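The values are calculated or read from the model by the stated rules, or taken from the named source; none is laboratory data. Since this is a predicted model, take the numbers as computed values, not measurements. Here Cβ is always computed from backbone atoms with ideal geometry, including for glycine, and neighbour counts include all displayed protein chains.
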Amino acid sequence: MRTLLSGAVALAFVASSAGTRAADFDHHLKVTIDTAVFGYYAAETPPVLTIKSGERVKIDTVSLSGIPDDPETFYREQGISTDNAAIQDIIALKSEAKKRNLTLRGPLTGPIAVEGAEPGDTLEVRVLSLKFRANYGINSTRPGGTGPLSDLVPRPWQQVYRIDPARHRAIFSPTIEMPLQPHLGQMGVAPPAEMGRLRSGPPTMVHGGNFDLREITVGSSLYLPVSVKGGIFTTGDPHALQGNGEVTGFTIECNIEGILQFIVHKATGLKVPRIETPTHYIAIGIHDELDGAMRAATLEAQAFLKEKEGMDFFTSYSFLSMGADFCVTRALKPGQMIHVMIPKSHFLAHKNTYWYRPPSPGIAALATP
Amino acid sequence: MKFSRLALSAAAVCTAAFAAAEVKYDHYLPSSYTNVTWGVYSAEYAPALKIKSGETVKIDIANSMGVNRANPRKFFTDNNIPLDHPVARDLIAICEKTPNHPSGVRGALLTGPVYVEGAEPGDTLEVRTLDVRFRVPYGVNSTSPGAGHPLADLVPRPWTHKFDLDLERSVALFKPGEIELPLAPFMGQMGVAPPAATGAFGAGPPTAAHGGNFDFQELCRGGTLFLPVNVAGAHFFTGNGHALQGNGEITNPSLEVNLTGYFQFILHKKKPLAMSYMETPTHYVFVGIHDSLDEAVRQATKQCVDFLQKKEGLDYYDAYALTSLTTDFAVVRALLPAQMVSALIPKNIFKTKTDYWYRGPTPTKY
């Protein structure tokens, strides 16, 4: 049986260097070979942590993308100090995998079971805090990948970038710097048992998973339909930033410590994952073809507006045509994804009872270093 | 809200909502029935106006959405709009007097052509949108079965709805008192005549060669469109006013309105352009146009990679990576044929700042 290596650390205090956000947590889940699932979502995976609805979990995540089997040499060559908790986690994972003769696909920390969550419920995951665990990230691409120009990529390629959390920037080159938009690319629950193991590459409209959606950052809620008892949640694939589309198949894959709060909403009957931010409702559509994703996203956004506002077909269709933005989240096959941004400000009666209050205007403030 | 009361003060209201004073212009092109085509881009029309590079033009556009061409007065009387209102006057005259193109090609009304002296094939025409103002305080949205949009097969019948605009507060009253959408007006169509050999282009699908029906909210005040010149004089047309627009435009029409645009035209000699592109105060914008959204994304991606390689001297991989890391892809037109995807490269990632002509407030966006 798996063991939860770290016990619950109650009421620990995490403060960002910006001093604007702080979040407590009830449990701390580290990322080890025994507290992570490698490359799939499944109902069969036993939880490594069981929590109550409303509890907050500090979750360590790492990315192995671009890290060779001898990580110490790699870090030495890159001039990156290994005196870092995330890098030690990566070294330990690689060394354990070697001992056990395993190939590790993308690590998803967890699973976490939430007491009382049953099929037909919604598991709300609030992102309270995201903090970079190391100041580097790796982007890569390869021929035969799944992006729009994968056939034109002549050879595998990767690049290590420095992350500067204090300045909210990733350093692309001496002349180009990119604003940080930290998020966990993968957050999902187990699919129904009869679906077996779902590869974690493509997201689905059932279990969530690999959304690669930068809007799910500090201050956002992800609503996942519960398919199995306890929900069986895992997360990983930490991203430093992201262009909508993610056309190379990867972004700056990094290492993030997230504090997430889990809330069970009973018997909601939610069928498709939804997202809420301080400013927007977000509906999604997933399909191998973007045309199909567009259609699925339209139908799902209409379902949302019917529930929320009682809009009939023409009213919601017209509303979405005029007042919502359809964005390409993932131009990656299979599982291409479109997300629909619906501004809350359109609704005059909207009472701002949302849980998150931005500390100050601007996305930079959300990028908790 | 009563239309007639607002209509009388529409000009003043627009002024309050959008700018302190009307933009200065060198020429005025009204949407009189001799200055419009029923949705045709072609070099065969005599110029409605001849200008020099660098000059500014005020252009009225008429939008016939909701108006029955066989009985144009009905829409205005039904909606309490005086028949002598400039927009009613223009549209009634157009419905009665402007002929269809003999080929049968037709589409949304376009004002033009504007002939730019000295423009030759192989040049680029830069069109700056200096300002956009409303001519009337209403807009019309509609949809119909089988029209190439994502849920066309689920639409049971044609549907049209007129929405009032509160120009003072700069919102469309989607559901008065409950749901309002911020106004962000732009011309859905901006394009030039296609090469003479290809004949007349309809105002339906946009193309790489002539621009046209981009339906793109980024081309509002402060936006710049770069178009390839295909024929002497370029022959620029514009129309299809939109009060606002979500990326996707899934019902097919947007909130169709009658607008006045203020444009500056700048000719760049001997700069051949394979594909139109745009620039805004905050982004470089590339588009892909194809029946398949997948292919449209591919086209747009290629252009971003090319642009970043040239602009920053990056190799292929760095340019591809930078596209993935920073560029936002959105579905602008989920409409068959010729679906369109935009790719927005943010300017703020470049440490070296480049000058841009627009200095005004950030255009209304939600």
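So for segment A:100-112 (the condition being under 22 Å from residue A:237 (Cβ atoms) and part of a helix (DSSP H, G or I)), does at least one residue qualify?
Scanning segment A:100-112 turns up no residue that is under 22 Å from residue A:237 (Cβ atoms) and part of a helix (DSSP H, G or I).
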**Asked** From the list B:290, B:268, which one is within 11 Å of another protein chain (Cβ to nearest Cβ) and in contact (Cβ under 8 Å) with a residue 24 or more places away in the chain?
**Response** B:290
**Prompt:** What about residue A:248, is it of a type in the set (Ser, Thr, Tyr), outside any helix (DSSP H, G or I) and facing chain B (nearest Cβ under 9 Å)?
**Reply:** yes
**Item:** Those residues of segment A:237-282 which are modelled with pLDDT of 95 or more and more than 25 Å from residue A:300 (Cβ to Cβ), in sequence order
**Value:** A:238, A:240, A:241, A:252, A:253, A:254, A:255, A:256, A:257, A:258, A:259
**Complete:** In the set A:304, A:319, the lone residue that is part of a helix (DSSP H, G or I), hydrophobic (A, V, I, L, M, F, W, C) and surrounded by fewer than 24 Cβ atoms within 10 Å (Cβ to Cβ) is A:304
**Message:** I'd like to verify a number: residues in segment B:173-189 that are more than 9 Å from every other protein chain (Cβ to nearest Cβ) and at positive phi, how many?
**Reply:** 0
**Asked** Of all residues in segment B:149-172, which are more than 11 Å from chain A (Cβ to nearest Cβ) and outside any strand (DSSP E or B)?
**Response** B:167, B:168, B:169, B:170
**Request:** Might you let me know whether segment B:273-283 holds any residue that is within 14 Å of chain A (Cβ to nearest Cβ) and either modelled with pLDDT of 95 or more or more than 30 Å from residue B:87 (Cα to Cα) (or both)?
**Result:** yes
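For every residue, the table says whether it meets (1) part of a helix (DSSP H, G or I); (2) acidic (Asp, Glu); (3) out of contact with any Phe, Trp or Tyr (no Cβ under 9 Å at 6 or more places or on another chain).
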residue	(1), (2), (3)
A:37	no, no, yes
A:44	no, yes, yes
A:73	yes, no, yes
A:80	no, no, no
**Message:** Give me the residue from segment A:276-300 that is part of a loop (DSSP other than H, G, I, E, B) and within 20 Å of residue B:296 (Cβ to Cβ) and, out of that set, farthest from the chain's Cα centre (by Cα).
**Reply:** A:289
**Message:** I'm checking my understanding of the structure. Among residues of segment A:251-297 that are within 30 Å of residue A:164 (Cα to Cα) and among the β-branched types (Val, Ile, Thr), which one is surrounded by the fewest Cβ atoms within 10 Å (Cβ to Cβ)?
**Reply:** A:279
**Prompt:** Failed condition for residue B:196, given (1) within 21 Å of residue B:106 (Cα to Cα); (2) surrounded by 19 or more Cβ atoms within 10 Å (Cβ to Cβ), with all others met?
**Reply:** (2)
**Request:** Report, by residue number, each residue of segment A:171-190 that is crowded, with 22+ Cβ neighbours inside 10 Å, of a type outside the set (S, T, N, Q) and out of contact with any Cys (no Cβ under 9 Å at 6 or more places or on another chain).
**Result:** A:172, A:178, A:180, A:183, A:184, A:185, A:187, A:188, A:189, A:190
**Prompt:** In segment A:344-355, is there at least one residue being in contact with a Gly (Cβ under 8 Å, 6 or more places away or on another chain), facing chain B (nearest Cβ under 10 Å), under 28 Å from residue A:128 (Cβ atoms) and at pLDDT 95 or above?
**Reply:** yes
**Prompt:** Given the conditions (1) within 13 Å of chain A (Cβ to nearest Cβ); (2) at negative phi; (3) in contact (Cβ under 8 Å) with a residue 60 or more places away in the chain, which single one is not true for residue B:299?
**Reply:** (3)
**Request:** Take the residues in segment A:289-326 that are more than 7 Å from chain B (Cβ to nearest Cβ) and touching a Ser or Thr at 6+ places or on another chain (Cβ under 6 Å), then tell me which one is farthest from residue B:215 (Cα to Cα).
**Result:** A:305
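Kindly indicate whether residue A:326 is of a type in the set (A, V, I, L, M, F, W, C) and assigned to a helix (DSSP H, G or I).
Working: of a type in the set (A, V, I, L, M, F, W, C): yes; assigned to a helix (DSSP H, G or I): no.
Judged against the criteria, residue A:326 is not a match.
Tell me which residues, restricted to segment B:67-118, are part of a helix (DSSP H, G or I) and either of a type in the set (Lys, Arg) or under 30 Å from residue B:268 (Cα atoms) (or both). First the steps, then the outcome.
Here is the first cut: in segment B:67-118, the ones part of a helix (DSSP H, G or I) are B:72-78, B:86-97.
Those that are part of a helix (DSSP H, G or I) and either of a type in the set (Lys, Arg) or under 30 Å from residue B:268 (Cα atoms) (or both): B:73, B:74, B:89, B:97.
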**Residue within segment A:250-272 that is without any contact (Cβ under 8 Å) to a residue 60 or more places away in the chain and under 15 Å from the mean Cα position of the chain (by Cα) present** = no
**Asked** Taking residue B:251 and the conditions (1) on the phi > 0 side of the Ramachandran plot; (2) of a type outside the set (A, V, I, L, M); (3) modelled with pLDDT under 95, which numbered condition does it fall short on, given that it satisfies the others?
**Response** (1)
**Fill in**
The one condition residue B:250 fails out of (1) β-branched (Val, Ile, Thr); (2) more than 8 Å from chain A (Cβ to nearest Cβ); (3) under 18 Å from residue B:148 (Cα atoms) is (2)
**Request:** Return yes or no: is residue B:198 among the polar types (S, T, N, Q) and within 14 Å of chain A (Cβ to nearest Cβ)?
**Result:** no
**Message:** Looking at the structure I just gave you, is residue B:171 touching a Lys or Arg at 6+ places or on another chain (Cβ under 9 Å) and of a type in the set (A, V, I, L, M, F, W, C)?
**Reply:** no
**Test: residue B:297 is crowded, with 24+ Cβ neighbours inside 10 Å and either out of contact with any strand residue (DSSP E or B) (no Cβ under 7 Å at 6 or more places or on another chain) or of a type in the set (A, V, I, L, M) (or both)** = yes
